[in-house]
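Just below is one structure, and these are the notes that go with it.
Where a number appears in this text, it was derived from the coordinates with a stated rule and is not lab data. Keep in mind that this is a model prediction, so the values were computed, not measured. Counting neighbours? That spans all protein chains shown, and the Cβs are built from the backbone with ideal geometry, glycine included.
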């Protein structure tokens with residue numbers, strides 16, 4: 001597995017790619033469930049639900065399914081409880097994955113333009129990136145509410161590429177989920193998967209990215225192998 005073109009712009013997903021944010025998300029989901037008079041789920045369950053924005057995460061906690069919708073009343077009660085909790089607990093338990101700093105340092109030192117493209121709302125994205133010490137690496141941050149549509153729609157990716165005025169064929173998306181791969185394919189980007197993140201228990205290789213790396217530190221070898 002390899003890349004065909006050396007990219008000019010590298011876009012990187014946040015949750016499950018840069019940062020293990022599940023400990024904070026699980027704490028907030030469990031506290032939300034307790035406030036609703038329901039049993040908490042625990043971190044292992046929440047780890048299977050992360051990846052499509054906090055509203056969908058709340059829905060999954062309410063239904064114990066990936067895609068079923070709770071009643072409007074149940075969601076309307078739960079969602080503000082979660083949002084208040086997560087505003088106060090965005091980053092305290094979250095950590096960068098191994099190799100992230102090394103990968104970002106390599107990209108920056110070698111002149112790659114770098115953007116973060118995530119489905120997480122901006123009010124949580126920017127504090128999290130800042131608190132884990134990587135916000136300044138990114139020339140652009142596209143959050144889940146920056147554009148009218150989220151990944152797997154290609155719009156957040158094409159929005160970022162167009163901001164940099166870089167052709168889509170010269171862009172690379174790095175992410176942990178099938179939605180990152182789908183968004184990249186639909187945008188005409190190359191795409192690299194990481195296997196350690198949040199993909200609902202499915203091996204990222206099944207989505208057929210151009211390459212899979214075990215950590216962002218391996219971006220160096222991947223990119224230097226491109227002619």
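Only helical runs count toward this figure. For the chain, summing -39,500 (n - 2.57) over DSSP H runs of n ≥ 4 and dividing by all residues gives -12000 deg cm²/dmol at 222 nm. Overall size of the stretch 52-160 from C-alpha positions, given as principal axis extents largest first: 51, 31, 21 Å. Taking every alpha-carbon pair under 8 Å whose residues sit at least 6 apart, the stretch 29-152 reaches a relative contact order of 22 percent. Per q in 0.20, 0.27 Å⁻¹, report the Debye log10 I(q)/I(0) for the stretch 22-88, using one uniform scatterer on each alpha carbon and no solvent. The computed values of log10 I(q)/I(0) come out as -0.68, -1.36. According to the square roots a ≥ b ≥ c of the eigenvalues of the Cα gyration tensor, what is the shape class of the chain, taking rounded for a/c under 1.5, prolate for a/b larger than b/c otherwise, and oblate for the remainder? Prolate, since a/c reaches 1.5 and a/b exceeds b/c.
In terms of its alpha-carbon gyration tensor, the stretch 4-55 comes out prolate; a/c meets the 1.5 threshold, and the first ratio a/b outweighs b/c. How many nm separate the modelled label positions at residue 109 and residue 36, each set 7 Å beyond the Cα in the direction of the Cβ? Spacing of the two 7 Å Cα→Cβ label points: 4.7 nm.
Provide the FRET efficiency to the nearest 0.05 for the residue 205-residue 136 pair, computing r from the beta carbons and using R0 = 25 Å.
Working: r = 32 Å, r/R0 = 1.29.
The value I calculate is 0.20.
Once both labels are positioned 7 Å from their Cα atoms along Cα-to-Cβ, the gap between residue 227 and residue 89 label points is 5.3 nm.
Can you tell me how the stretch 125-227 classifies by the Cα gyration tensor, rounded, prolate or oblate, using a/c under 1.5 as the rounded cut? Each step should come with its number before you reach the end.
Numbers: a/c = 1.22, a/b = 1.16, b/c = 1.04.
Judged from the Cα gyration tensor, the stretch 125-227 comes out rounded (a/c under 1.5).
For the chain, DSSP calls about 10 percent of its internal beta bridges antiparallel.
Taking 0.36 nm per residue of sequence separation and subtracting the Cα-Cα distance, how much length would be gained by fully extending the chain between residue 96 and residue 72, in nm to one decimal?
On the way: separation 24, 0.36 × 24 = 8.64 nm, distance 3.50 nm.
Taking 0.36 nm per residue and subtracting the Cα distance, the gain is 5.1 nm.
Distance from the Cα centroid of the stretch 100-155 to that of the stretch 1-45 is 14 Å (rounded to whole angstrom). Across 108, 208, 151, mean-square fluctuation computed from a Gaussian network of the chain (C-alpha pairs under 10 Å connected) peaks at 108. Normalising the average separation of contacting C-alpha pairs (under 8 angstrom, six or more residues apart) by the number of residues puts the relative contact order of the stretch 22-88 at 33 percent. Label positions at residue 168 and residue 43, each projected 7 Å from the Cα along the C-beta direction, are separated by 3.9 nm.
What is the chain's relative contact order, in percent, from Cα pairs under 8 angstrom and six or more apart in sequence?
29 percent.
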